[in-house]
Amino acid sequence: MKNYANKKIFVEKLLTWWKKHKRNFPWRETNDPYKIFVAEVLLKKTTSSQVKQIYSQFVETFPTVKDLYTADKEKIIKIIRPLGMYKQRTGQLKSAAEYIIKNFSGKFPTEKQELLEIPGIGEYTANAILSFSAGSLEPLLDRNFIRVIERVFCLKTTKKRAKEDKNFWKFAKSLVEQSGTPYFNYAVLDFAAIICKAKNPKCQICPAKEICCYYSTIDKNKIVYK
Ligand code: SF4
């Protein structure tokens with residue numbers, strides 16, 4: 001994979017944009033690994049605005065791993081039902097809590113390998129926990145991050161899914177490291193939600209359009225601005 005010269009410029013442009021446009025969510029205000037983990041489970045396959053409506057109630061009702069471990073399943077379901085997939089989410093939350101109670105005395109581990117052993121925690125969630133609880137410079141490579149770097153840097157994967165491509169993870173990590181802050185991940189997420197959207201990206205007002213590979217290839221007269 002080429003070493004793209006515009007990484008530094010892209011990172012700077014994105015962080016400058018984010019200072020003015022960042023979205024606020026309650027899970028972005030904590031460095032408690034348990035509460036970050038809860039947010040990641042709730043955020044799967046649903047929208048941030050839906051999770052925002054129940055997240056605070058959830059972490060206030062079950063403020064620690066132990067509270068979650070001892071909680072009645074029905075009580076959990078009652079709160080998270082509006083998100084859908086509530087049985088899977090409850091199962092994942094309970095299994096992880098049980099594992100942490102039994103193997104780590106209820107305290108979230110701080111080593112990546114240990115986090116990956118917890119049921120339901122994969123690379124993305126482990127990176128989120130390490131990034132926002134300990135300041136590690138880890139990438140949160142999801143479909144939004146992938147879409148942005150595919151467009152800006154014209155990256156292509158040879159794998160079936162870019163998320164399975166180690167080169168994509170490495171590239172994303174290099175951007176986070178270049179930025180010097182794990183919050184760069186939130187900047188990419190917000191940028192993907194507001195500007196570089198899956199459909200009808202707002203290229204005309206995009207702070208990265210001058211360096212964007214995708215933008216350089218499109219017919220500007222045909223942009224549908226919505
Ligand atoms: Fe995305 Fe368009 Fe900006 Fe490129 S110019 S990063 S495609 S919004």
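Past 29 Å, Cα to Cα, is the threshold; run Lys20/Lys44; Lys94/Lys199; Lys44/Lys112 against it and keep the listed order. Let's see the in-between values first.
Values: Lys20/Lys44 26 Å; Lys94/Lys199 36 Å; Lys44/Lys112 20 Å.
Correct reply: Lys94/Lys199.
Using Cα-Cα distances under 8 Å and only pairs 6 or more residues apart, what relative contact order does segment 104-226 have, in percent? Write down the numbers at each step before the final one.
Values: 121 pairs, mean separation 27.9, N = 123.
With pairs under 8 Å counted, the relative contact order is 23 percent.
Quick one: work out Rg over Rh on the C-alpha atoms of the chain, Rh as Kirkwood radius.
Numbers: Rg = 18.7 Å, Rh = 18.8 Å.
Taking Rh as the inverse mean 1/r over Cα pairs, Rg/Rh reads 1.00.
Among the aspartates and glutamates, which have Cα under 18 Å from the Cα of Lys13 when same-chain residues fewer than 8 positions away are ignored?
Glu150, Glu177, Asp190, Glu210
FYI, it's all coordinate maths here, none of it is from the lab. Just so it is clear, the model here is predicted, and its values are computed rather than measured.
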